[in-house]
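What follows is a single structure, written as structure tokens, with notes after it.
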Amino acid sequence: MASGEPLIVVISGPSGAGKSTVAAQVLEKSPGLVRSVSVTTRRPRAGDVDGEDYHFVSPEEFIARRDTGMLLEWAEVHGNFYGTEAEQIDRSIAGGKSVLLEIDVQGGMSIKAARPRAVLIFLLPPSDGILEERLRGRGTDEEDVILKRLENARKELGSAKDYDYRVVNDDLDRCVGEVLGIIAAESKKNGADDPSAPR
Ligand code: ADP
Ligand code: 5GP
């Protein structure tokens with residue numbers, strides 16, 4: 001058992017880059033890594049499970065949690081509020097598990113300021129055209145939402161340079177392997193166990 005502190009790993013990137021897909025595979029291959037479940041005011045999409053995908057709350061409830069200092073970071077994204085509960089992160093770390101946050105670039109920067117040892121990974125689509133294809137192909141959003149997300153993507157891509165790592169999500173297995181490699185190397189640097197090692 002290593003003595004170093006488990007990692008906080010942040011994955012950001014434009015909507016449609018493949019964050020959820022990549023994160024799901026990385027988590028599946030990493031018994032020592034847990035996903036941070038964010039709080040949001042966004043309406044659940046078909047298939048979203050409350051408490052698993054997000055904690056879905058009203059704007060009033062979100063503001064109450066934010067104003068009582070329960071959130072380590074929060075941001076408004078595509079017209080909705082999203083935030084990370086500090087207690088959830090601290091509980092995972094105290095329990096010896098690294099934690100994966102799938103959050104936007106504003107949140108990524110806030111986490112780096114609050115927890116400087118956090119590892120920030122920016123997921124890039126292979127091209128603008130493929131990003132649009134993936135967003136449309138997902139079939140979860142209305143046209144106006146897709147257009148808003150594409151516009152936001154162009155802004156988000158400008159933040160890639162502020163991240164510790166940039167990973168292109170071309171071939172899924174290759175991309176997942178690269179992310180697992182970064183987590184393993186950063187864990188070693190921190191003197192912590194590799195979350196993908198069998199437990
Ligand atoms: P995000 O969480 O970044 O918004 P998703 O994980 O929902 O993105 O992925 C967007 C769409 O692209 C989904 O339909 C997903 O199945 C698909 N996708 C993700 N990664 C790849 C990949 N490497 N190759 C092809 N399609 C992908
Ligand atoms: P979606 O509505 O597609 O699930 O997520 C929209 C955006 O919100 C994504 O970029 C996602 O990474 C971001 N997001 C999800 N949870 C959080 C969070 O807790 N904090 C911040 N800052 N962004 C989040």
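The values are calculated or read from the model by the stated rules, or taken from the named source; none is laboratory data. These numbers come from a predicted model, not from an experiment. Here the Cβ is made from the backbone with ideal geometry for all residues, glycine too, and neighbour counts use every protein chain on show.
Things worth noting here:
- Members of the stretch 1-38 that are β-branched (Val, Ile, Thr), over 11 Å from Val99 (Cα atoms) and surrounded by fewer than 19 Cβ atoms within 10 Å (Cβ to Cβ): Thr21
- Condition check for Val77: among the β-branched types (Val, Ile, Thr), within 12 Å of ligand 1 (Cβ to nearest atom) and out of contact with any Pro (no Cβ under 7 Å at 6 or more places or on another chain): yes
- The stretch 131-167, subset loosely packed, with under 15 Cβ neighbours inside 10 Å and β-branched (Val, Ile, Thr), residue farthest from ligand 1 (Cβ to nearest atom): Val145
- Only a single criterion out of (1) within 9 Å of ligand 2 (Cβ to nearest atom); (2) surrounded by 14 or more Cβ atoms within 10 Å (Cβ to Cβ); (3) in contact (Cβ under 8 Å) with a residue 40 or more places away in the chain is not satisfied by Val99, namely (1).
- Looking only at the stretch 47-62, residues that are within 15 Å of ligand 2 (Cβ to nearest atom), assigned to a loop (DSSP other than H, G, I, E, B) and exposed (fewer than 13 other Cβ atoms within 10 Å of the Cβ) come to 4 in all.
- Strands (runs of 3 or more DSSP E) wholly inside the stretch 63-182 that include at least 2 residues being of a type in the set (D, E, K, R): 71-77
- Residue check for Leu124: under 15 Å from the mean Cα position of the chain (by Cα) and within 15 Å of ligand 2 (Cβ to nearest atom): yes
- Flag for Ser58 being under 21 Å from Met109 (Cα atoms) and of a type in the set (S, T, N, Q): no
- Pair list, Cβ under 7 Å, 6 or more apart: the stretch 64-80 residue within 18 Å of Asp104 (Cα to Cα), other residue crowded, with 18+ Cβ neighbours inside 10 Å and aromatic (Phe, Trp, Tyr): Arg66/Trp74; Trp74/Phe81; Trp74/Tyr82; Ala75/Tyr82
- Just one of (1) modelled with pLDDT of 95 or more; (2) outside any loop (DSSP other than H, G, I, E, B) fails for Val37. It is (2).
- Scanning the stretch 22-46 for residues that are more than 11 Å from ligand 2 (Cβ to nearest atom) and touching a residue at least 24 places away in the same chain (Cβ under 8 Å) yields Val22, Gln25, Val26, Leu27, Lys29, Ser30, Pro31, Gly32, Leu33, Val34, Ala46.
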